[in-house]
Amino acid sequence: MTLLMEEKPKVGTKYVAALRARFGAAILEESWQAPDQVTVTVPLNSLPDVVAMLYYEQGGWLATVAANDERPLNGQFAIYYVLSVEGTNEGSQAPENAYVLVRAQIPPHQPEFPSVTPKVPAAIWYEREVRDMFGIQPIGMPDERRLVLPDDWPDGLYPLRKDTMDYRYRPEPVVEDENYEFINVEGEGVVQVPLGPLHMTSDEPGHFRLYVDGEHIIDADYRLFYVHRGMEKLAESRLNYDQVTFLADRICGICGYAHNVAYSSSIERALEIDVPLRAQYIRTILLEVERLHSHLLNLGLACHFVGFDTGFMNFFRVREKAMKMAEMLTGSRKTYGVNLIGGVRRDILKEQRTLITQVLGELKSEVADLVSILLETPNIVQRTQNIGRLEPQVARDFSPVGPTLRGSGFARDIRVIHPYAAYDRVPWHVVSKDGCDVLSRTLIRAEEFFESISLIERCLDSMPAGPILTEGFKYKPYKYALGYVEAPRGEDIHWSMLGDNQKIYRWKCRASSYNNWPPLRYMLRGNTISDAPLIVASIDPCYSCTERVTVVDVRKKKATIIPYKEMERYCIERKDSPLKKY
Amino acid sequence: MGRCIYCGRCEEVCPTGAITLSPDFELSVMNKQDLFEQADYKLAACHRCGKYFAPVKEIEYAGALLRQSDLPEVVKTNAGALLNICPECKRKNDVSKMVNLYQENKDVAR
Amino acid sequence: MLRDSVSNLTVAEHSKYSIHEDPAAGQLKAALLKDIHRSVYVYRVDCGGCNGCEIEIFAALTPLFDVERFGIKVVSSPRHADVLVYTGSMTRSMRVPALRAYHAAPEPKICVAYGACGCSGGIFHDLYCVWGGADKFIPIDVYIPGCPPTPAATIYGFAISLGILGQKLKTSHHVQGEDEHVSLAHPQVPYLLRVQLERESRRMAGYLYGKQIADTFLTMLEENPNQVKENVQAYLDKQADPRLSEIVARLVTVYDGYQGAV
Ligand code: SF4
Ligand code: SF4
């Protein structure tokens, strides 16, 4: 494997050179984790400028931000801004895509760092999270509120610091009520509409607040992370590094396998394990199977929200075929648990192959019918075109991912930009649209569905021979690397650092929806509240994570709580506005 | 309890085939206790120090494996003699052997 | 058990607080079960899981499994509910909403802990931000374990909750008998050869299929060591699976290598 590393030329040297040219001595250190992964260490005060330059001048996208308590190692905290730097599309050179990690050390006696958010808005949630989990203050950060930790969590207790607490420590709740402060929108009369209670299809609890003037949304705010469980701490404590794959499956019930692959590949990259080709193909097939069921789910929801419930039920009916496929391949419908560090647990034999090919054929024709019915429904275009616009500039600033980004004209897909598994070995193409609206995002999912089917077919046809598992590799302490996967909703990025005791020292996983939430606010603005559920569903946030929505009416200065069911009904029927009743 | 995720990993990695997943399980219970099955096995005492150290079945299994192997007979008898001895006594045994060996070597060197 | 009685508690009491069911409510519940002939209303409370459970409940509602044909209907407010389904490992943030849902549902009600998380906290059971399962606060009547339970298991679980079906198994206690001994797999095959074959098979086909393929091979080896290659070939011809042939060919190589070494 070391041989292989030397053979591969480094990708991304030009970005480091550009940084050196601009910042000179401020680039303290440069270290390569993989041929296309480099960490540059900079002094704390250059952090915002370096990140901003990579982001805006070198075509960087913010993949994740990981803070790390490295005091036991070198006496400092560290923060890593992970950017996928893709160059500016000038000239006809081949694109040079690399992950550049900008690292800065933070002294423990003064736990603060200059916030990057004013320069690169995409960092906003990450920095709030760092403050919650590590107690490191982003200086100059506009938003002072908690993000991740519950309201009843005591101040000054930072779960991810190595020395604060055992992973099992459960402090007494400090307050009885949820006291999250929502943004104040000043102006003539405000009506708040909290969307509540749990809607039949909605899952993760979250609290939405819409600020409306009459029927028009002027702003929105949300409180999520009701389901924060403390996984990252768990991965560092109770589990061994090879058990975390099973935890990664349970980050999200829909794209769990994508997380699983992202985690496994980050470890494999850090330990320089060669995963057999056949295993890579099997992973690709399973990732696409997951995309099939996830996209069908979202298409079903899109039908539901425009009032086409027959389509909704039908999409869910055919979705069961995708679930069946997963069950045949992995033994499990949802949590595949099929990855091991170094390969996969199950091969695909003839029996499975025949069955899948058959199911794929059925899916293809049935979904083609359903999609054409959906598009012929007069309602659909009318309800989704130009609704929930995500302007390309906003998209650029916030680094959203997946169909949300591709619907705004960026043909950006990690499967192509940073190919992993077998995506660079079988032909396929990226789907993007430039309508910037709900319609584009929905159409992308429909087209990607068929793209996935042909990907699976091609992988099955060209499956290489050989083993599916590498065993007997060595665990090397304190190595770290990134793992990345284009999940159905966008890229999942995992940054893992190994410890010295068969465990993980630090694991930072970034789910795709995480990057899609902050720009949602801009998509909601200017639309009517009857479209809100539709817009939220169009980013497919591990689906409609809207427990409650508060609508704030700017003119009447009155907050009303509207049950989510009522909002949903209004979205579907578009008559009898719930606001009139209050 | 009720933490099993039905992943089947235990069956896969079980080297003795003792764990097998079967269709005979309960999908839903009114009483959490019904998710438990308890099994008691006899322990074996160490032939040297008399402490209980491992289930009888496990030792029997190790012995059977040893017999199944096609190792030379001497190895089998030597290893077989250690079967009923607890890890601690084994360690002591090893140490005293090493001391003896060292002594002998020293004697030879002289 | 009124809503106010919860909010009056001090913080410290609250976290240790779990609801005990009124005996009267128990009787009502028995009556309820008798009276439900047709339909029950179900309200789901997600207390912080991974969504896997939600989606499987949802799959149970959609046309293929269609619990509604049994009269089970999901409602959007706990006020209408006969059954509360708690999923997720009960995160800190969801404790208050979970209790609120409990008190909002009218008596008598049946509470179900759904999924490994709902039953015990699942993989998250002892983490700092979870309380480890719905039964830490809520009196649970029925547990449906699984991660996530399949839609079929979900329907079965509802049938148990409604007293339509009885449990198959109860808790059991096994004590080692006098003549209970271990048996070896493939006793005729030398141990080291067996291990080598099993390893190679696992490397090629993964744990489950690898074990099965190795078992088949070993059985043939035991049945007729002199004719094993012919028998294996006949078996492969019958299966006509190129991948299987590739794997078994590797096993034959391992076998030959071992014979050569001896
Ligand atoms: S390894 Fe076995 S006991 Fe453990 S969760 Fe998986 S199936 Fe259940
Ligand atoms: S039981 Fe499993 S599938 Fe259900 S919420 Fe918990 S982790 Fe997810």
* So which trypsin sites (Lys or Arg not before Pro) in the stretch A:417-493 are both in a DSSP loop and have at most 15 other Cβ atoms within 10 Å of their Cβ? -> A:425, A:474
* Run the numbers on the stretch C:72-197 and let me know its relative contact order in percent, using alpha-carbon pairs under 8 Å that are six or more apart. => 20
* Provide a whole-number value for the mean count of partner chain Cβ atoms within 10 Å of the Cβ atoms in peptide A:301-312. => 0
* Structure fact -> Given the candidates A:106, A:47, A:116, the one whose Cα lies deepest towards the positive end of the charge dipole of the stretch A:37-120, counting +1 at each Lys or Arg C-beta and -1 at each Asp or Glu C-beta, is A:106
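Determine the shielding of peptide C:158-171 by partner chains: average, over its residues, the number of Cβ atoms on other chains within 10 angstrom of each Cβ. Walk me through the numbers on the way to the answer.
Values: counts 1, 2, 5, 2, 0, 1, 0, 2, 1, 7, 7, 8, 7, 10.
Mean number of neighbouring Cβ atoms from other chains: 4.
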* Among the listed pairs C:136/C:170; A:474/B:106; A:364/C:73, those beyond 27 Å (Cα-Cα) -> A:474/B:106; A:364/C:73
* **Partner chain coverage, peptide C:63-71 - average Cβ within 10 angstrom** => 2
* Structure fact -> In vacuo Debye sum over C-alpha of the stretch B:43-109, base-10 log of normalised intensity I(q)/I(0) at q = 0.18, 0.27 Å⁻¹, listed in q order, is -0.77, -1.11
* Against the longest alpha carbon principal axis of chain B, how many degrees, from 0 to 90 and to the nearest 10, is the axis of helix B:87-109 turned? -> 20
* Rounded percent of accessible protein surface that carbon and sulfur make up, the stretch B:43-109, 1.4 Å probe -> 60
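With solvent modelled as a 1.4 Å probe, how much accessible area in total do chains A and C shield from it at their shared surface, in Å² to the nearest 100?
6000
Greater than 32 Å separation of Cα atoms is the criterion. Which listed pairs, A:8/A:321; A:162/A:476; A:479/B:76; A:10/A:508, meet it?
A:8/A:321; A:479/B:76
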* Asked: If you project the alpha carbons of the stretch A:432-522 onto the principal axes, what extent comes out on each, in Å, largest first?
  -> 50, 42, 14
* Under the Karplus curve 6.51 cos²θ - 1.76 cosθ + 1.60, θ = phi - 60°, whole-Hz ³J(HN,Hα) for the stretch A:383-400, x wherever Gly or Pro sits -> 7, 10, 5, 6, 9, x, 6, 10, 5, x, 5, 4, 4, 4, 6, 9, 6, x
* **With all protein chains modelled, accessible area of residue A:461 [1.4 Å, Å²]** => 120
* Structure fact -> Accessible-area loss of at least 40 Å² in the complex relative to the chain alone (1.4 Å probe) applies, within the stretch B:46-93, to B:57, B:60, B:61, B:65, B:68, B:70
* Return the carbon/sulfur percentage of the accessible area of the stretch A:435-548, one whole number, probe 1.4 Å, all protein chains in place. => 52
* To do: Please list C:216-226, A:315-325, C:89-99 highest first by mean number of surrounding beta-carbon atoms within 10 Å per residue.
  => C:89-99, A:315-325, C:216-226
* Would you mind checking which residues have amide H under 5 Å from residue C:72's amide H? H placed 1.01 Å from N; only 5 or more apart, or other chain. => C:40
* Asked: When only C-alpha pairs under 8 Å and at least 6 residues apart count, what is the relative contact order of the stretch B:43-109, in percent?
  -> 32
* **Ordering of B:30-36, A:291-297, C:195-201 by packing [mean C-beta count within 10 Å, highest first]** => A:291-297, C:195-201, B:30-36
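The values are calculated or read from the model by the stated rules, or taken from the named source; none is laboratory data. All values reported here derive from a predicted model rather than from experimental measurement. With ideal geometry, Cβ positions are generated from the backbone for all residues, glycine too; neighbour counts draw on all protein chains shown. The accessibility values were calculated without ligands, DNA or RNA, using every heavy atom of the protein model including side chains. Shrake-Rupley method; radii C 1.70, N 1.55, O 1.52, S 1.80 Å.
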